[in-house]
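The values are calculated or read from the model by the stated rules, or taken from the named source; none is laboratory data. It should be emphasised that the depicted structure is a prediction, and the values quoted were computed from it without experimental measurement. Using ideal geometry, Cβ is built from the backbone for each residue, glycine included, and neighbour counts are taken over all protein chains shown.
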Amino acid sequence: MKVGFADTFWESLKVIRRHNTWWYKTYELFRYDLPRFFGNIWRFRRGLWGHYWWDHHGMLKFMEDGLIHMSDKIEKVGLEVDESRLKKVEAMRRVIKLIQNYNNDSYIEMAESELGELVHHPWEFEDIEDKPGFSRLVDKETEEEKEHNRKIFDRSREIEESEWNELYQLLKGQDYSKFDKDKEWSEQFNGSGLRGWWD
């Protein structure tokens, strides 16, 4: 039996050899790497602006901006079949929303939408009789108003904790070993799992 190579094989070897030359690497630097670098500076500008060594919100902003770009591209030009690709895009968009809720601290507003608005009274101060020149804030809330506000604050903490857990479950992904082997994989797959978000 005679073994031969098609012309495309030899052409592929030439391309591989060319891509490893100094002049092609220089071309790649100016043609692809530097434009991508400056594009990324623009894309991640909010994360760069808001990043501090002592705070994690900037890092989450990087993830949010990266996932916005990735989910848009995978949705529009992704090569994967729609059945699994669109589930991944949906999971990415949910992660984006969860990060936005966390960074914007939207939990009080969410709790208020469920339980009603917080009760606010305008600030009033009264003089302290035995300390001339000093004043104190007058507490005008009734016990019912205090209880209502306490429920809103408690509910906002519950929502925050629930969404934080959901965020990390979406990033972690499903345990495929627990899938039912008698069911279709696509019926059980929900698109979660950061390690599988690529194209």
Discussion item. Looking at the structure I just gave you, is Glu90 out of contact with any helix residue (DSSP H, G or I) (no Cβ under 7 Å at 6 or more places or on another chain), in contact (Cβ under 8 Å) with a residue 60 or more places away in the chain and either not assigned by TED's automatic domain parsing to the domain that holds Asn190 or not β-branched (Val, Ile, Thr) (or both)?
Written reply: yes
Item to complete: State which residue is nearest to Tyr102 (Cα to Cα) when the search covers only the stretch 178-195 and only residues that are under 15 Å from the mean Cα position of the chain (by Cα) and in a helix (DSSP H, G or I).
Response: Leu194
Worksheet item: Any idea which of (1) loosely packed, with under 12 Cβ neighbours inside 10 Å; (2) under 28 Å from Lys172 (Cβ atoms) is the one Met70 doesn't satisfy?
Response: (1)
Item to complete: Give the residue, chosen from Ser84, Ser12, that is in contact with a helix residue (DSSP H, G or I) (Cβ under 8 Å, 6 or more places away or on another chain) and among the hydroxyl-bearing types (Ser, Thr, Tyr).
Response: Ser84
Item to complete: Please work out if Lys151 is at pLDDT below 95 and over 20 Å from Ile74 (Cβ atoms).
Response: no
Fill in: Verdict on Glu109 being free of Cβ contacts under 8 Å to residues at least 12 places away in the same chain and assigned by TED's automatic domain parsing to the domain that holds Glu143
yes
Worksheet item: Which residues, taken from the stretch 55-83, are within 19 Å of Tyr102 (Cα to Cα) and either at pLDDT 95 or above or aliphatic (A, V, I, L, M) (or both)?
Response: Met59, Leu60, Lys61, Phe62, Met63, Glu64, Asp65, Gly66, Leu67, Ile68
Worksheet item: Quick one: how many residues across the stretch 131-177 are charged (D, E, K, R) and over 26 Å from the mean Cα position of the chain (by Cα)?
Response: 12
Worksheet item: Within the stretch 12-25, is even one residue β-branched (Val, Ile, Thr) and in contact with a Leu (Cβ under 6 Å, 6 or more places away or on another chain)?
Response: no
Practice prompt. Could you tell me whether the stretch 13-22 includes any residue that is in a loop (DSSP other than H, G, I, E, B) and not assigned by TED's automatic domain parsing to the domain that holds Ile159?
Written response: yes
Worksheet entry | Matching residues, the stretch 170-199, being over 28 Å from Met63 (Cα atoms) and in contact with a helix residue (DSSP H, G or I) (Cβ under 7 Å, 6 or more places away or on another chain) | Phe179, Asp180
Item to complete: Please state which of the following conditions Lys172 fails to meet, knowing it meets all the rest: (1) touching a residue at least 40 places away in the same chain (Cβ under 8 Å); (2) in contact with a Leu (Cβ under 8 Å, 6 or more places away or on another chain); (3) closer than 27 Å to Lys76 by Cβ.
Response: (1)
